[in-house]
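Enquirer: What follows is a single structure, and I will ask about it in a moment.
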Amino acid sequence: MILVIGTGVAGLSCALAAVRAGAEVTVATPGALSGPDGTDARAGGSTALAQGGVAAAVGPGDAPAQHLADTVAAGAGLVDPEAAGLLAAAGARIVRRLLAEGFAADRRPDGRVALGLEAAHGRHRIVHAGGDRTGAVLHAFLADAVRAQAAAGRILLLEERAATALITDAGVVVGAELRRRDGGVEARRAEATVLATGGYAGLYPRSSNPVSSRGAGIVLAARAGALVADLEFVQFHPTVLHGTGALISEAVRGAGAVLLDGSGSRFMADRHPLAELAPRDVVSRETGRLLRERGEEAIWLDATRIERAEGAGTLAGRFPGISAATAAHGYDWTREAVPVSPAAHYTMGGVASDLEGRTSVPGLFAAGEAASTGVHGANRLASNSLLEGLVFGERAGRAAAGFASGGRRVAGRWNPRGAGFRALEKGAGVAAVSGGAAPAGAVEEVPSVTGLRAASREDAALVAMIRVAALERTESRGAHQRFDHPDPDPAQAQRRAYRFALPAVRDPEAELESEPHSAATGQLRSLSSC
Ligand code: SIN
């Protein structure tokens, strides 16, 4: 039996692929996948909130090689080309299959799939649905398929179950403990366990993510001894409605919106040749720099020109979700620029995983934002995250099925050479360390470190791991920016994986009594002394 934990795009894709591979599958979700509108926030996670779409080279004249090139360019020197090549090629195939199966992508009047433009893509290649509701539409589509398999008895769906621990036996993961809504804990044994539990951008006070995005699965994996990689790379999205968690999709800039400073002038055109459509890390960094220089809190996104443009369609028609969100916060974005500022949005770090989703611990697989394959390098390209869930979710499902059906020796062998660690192994090899102290004199002004909020001991463990990774990377690269090391260091152009010796926790859910930062630091000390 395969246990899939999590029901975002990666978990659902994984479960369906495992069923197709003939496996017996159990799916556990902290929410209710079978709610009246198909899902709830805890089951949909970040997937159901995704606005922009799914990047895929399916348009005329496009090719996976071009998508790969854009992905590599955005990733600031750390993209694993094999992983990204697979993302682009398999991604295009999967998106075509979904369209053939009836996924309701938005279409042009001539019936062809409408393709949007987003930052750092060389061409229009974003497949979207429901205007800016792509994630919700895709989630509902996959959830319907999973429910149909559950009704046919091929998937056991366990709702209202949160994973609290992985069960290990002689170094092999053999299932997980799941806490029910009534507080009771049940042990589910499995031949293969897949973590599809999402990222950790919800740990940041300014975040576009649901508060439940706290990297819970990454901590479970680390406690089971798995390598975790790239935790320092936290992507900040430049256009989140200031003072809220409401994302304003990059697709809006792709459609022609511009960014203005406090005096109403465009500023990105002077800072990058692609102006507002520069890679996301560049736009966030330049925005942060401008705000610090001016002592201001927000810049302005002017989308009124889209509303005024001939034949472009109304903002309400093209972006219904964002129109509702801006209106709910008191703005009429058809008539006025709205204040925006960067907020944590996506985390490149996660459980170190190979191209089949295998982790460094036998029996444990990871997929989607919970995993770190190297596919995004130091900065993810827009709309590559739903695609990642589709591609690597399926691959993890197939590999887990192979592992469970007795292929442990072959199917179970973790192969970092085939995934994101290739470049790293050419250099110093996987940097496996037990803990690691913050370097002396390390500054706190690292966006991926400042403001981290730990509300539980599990949060504190992850905060501590992020701090170690962020402070040890003494350079600025992609989404990782430091004032004390403002430039990239070619000698550090490698991904890093850590094996942390996390202290055992009796009650992982216990609320922290102390102030978040000191709690995290306390945890770091215990890591360092392990
Ligand atoms: C957006 O719509 O700007 C977000 C898409 C993404 O995170 O890739």
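The values are calculated or read from the model by the stated rules, or taken from the named source; none is laboratory data. Worth saying up front: this structure is predicted, and the values here are computed from it rather than measured. Positions of Cβ are generated from backbone atoms using ideal geometry, with glycine treated the same way; all protein chains shown enter the neighbour counts. Note: areas computed on protein heavy atoms with side chains; ligands, DNA, RNA excluded. Shrake-Rupley method; radii C 1.70, N 1.55, O 1.52, S 1.80 Å.
Enquirer: Whenever you get a sec, compute what percent of the accessible area on region 52-145 sits on carbon and sulfur atoms (1.4 Å probe). Don't skip to the answer; put the middle values down first.
Expert: Details: 2040 of 3490 Å².
Carbon plus sulfur share of accessible area: 58 percent.
Enquirer: With θ set to phi - 60° and the Karplus curve 6.51 cos²θ - 1.76 cosθ + 1.60, what are the ³J(HN,Hα) couplings of region 367-373 in order, to the nearest whole Hz, using x for Gly and Pro?
Expert: Working through the residues one at a time gives 8, x, 5, 5, 9, 10, 9 Hz.
Enquirer: Which value, in debye to the nearest 20, describes the size of the charge dipole of the chain about its Cα centre when Lys and Arg Cβ atoms bear +1, Asp and Glu Cβ atoms bear -1, and nothing else is charged?
Expert: Computed charge dipole of the chain: roughly 1260 debye.
Enquirer: Please compute the contact order of region 134-186 in relative form: average sequence separation of alpha-carbon pairs under 8 Å and at least six residues apart, divided by the residue count, as a percent.
Expert: It comes to 22 percent, rounded to a whole number.
Enquirer: Here's something else I'd like to know. Quick one: which of 197-206, 63-72 comes out on top by average Cβ neighbours within 10 Å, and what's the full order, highest first?
Expert: Those peptides, ordered most packed to least, come out 197-206, 63-72.
Enquirer: Let me ask something additional. Using +1 at the C-beta of Lys and Arg and -1 at the C-beta of Asp and Glu, which of L86, Y331, G75 has the Cα lying farthest in the positive direction of the dipole of the chain?
Expert: Result: L86, furthest along the dipole toward the positive end.
Enquirer: Evaluate the relative contact order of region 193-307 (contact order divided by residue number), counting alpha-carbon pairs under 8 angstrom at least 6 apart; express in whole percent.
Expert: Reported relative contact order: 22 percent.
Enquirer: Please sort 8-15, 23-30, 96-103 by packing, taking for each peptide the average over its residues of neighbouring beta carbons within 10 angstrom, highest first.
Expert: Most protected by this proxy first, the peptides run 8-15, 23-30, 96-103.
Enquirer: Which order do the peptides 478-485, 234-241, 259-266, 84-91 take when ranked by the mean count of other beta-carbon atoms within 10 Å per residue, highest first?
Expert: My ranking of the peptides, most packed first, is 234-241, 84-91, 478-485, 259-266.
Enquirer: Grab the DSSP H runs of the chain that are 4 residues or longer, score each as -39,500 (n - 2.57), total them, divide by all residues and round the 222 nm result to the nearest 500 deg cm²/dmol.
Expert: When only DSSP H runs of four or more count, the value is -9500 deg cm²/dmol.
Enquirer: Could you tell me the center-to-center distance, by alpha carbons, between region 277-314 and region 73-125 in angstrom?
Expert: Using only Cα atoms to place each centre, the spacing works out to 24 Å.
Enquirer: In the full protein assembly as shown, how much of E369 is accessible to a 1.4 Å probe, in Å² to the nearest 10?
Expert: Its heavy atoms expose roughly 30 Å² to the probe.
Enquirer: Note the full-extension length gain between D484 and E177 as 0.36 nm times their separation in residues minus their Cα-Cα distance, in nm to one decimal.
Expert: Extra length available between D484 and E177 comes to 106.3 nm.
Enquirer: Additional query: Can you tell me the Rg and Dmax of the chain, counting just the alpha carbons, in angstroms?
Expert: 21.6, 66
Enquirer: Starting at the first residue of region 237-253, write each ³J(HN,Hα) from the Karplus equation 6.51 cos²θ - 1.76 cosθ + 1.60 with θ = phi - 60°, in whole Hz, x for Gly and Pro.
Expert: These are the phi-based 3J(HN,Hα) values: 7, x, 10, 10, 3, 4, x, 9, x, 7, 6, 10, 3, 4, 4, 5, 5 Hz.
Enquirer: Please list the non-local residues whose amide H lies under 5 Å from the amide H of G175, H modeled 1.01 Å from N, same-chain partners needing a gap of 5 or more.
Expert: Placed amide hydrogens put I167, A190 under 5 Å from G175.
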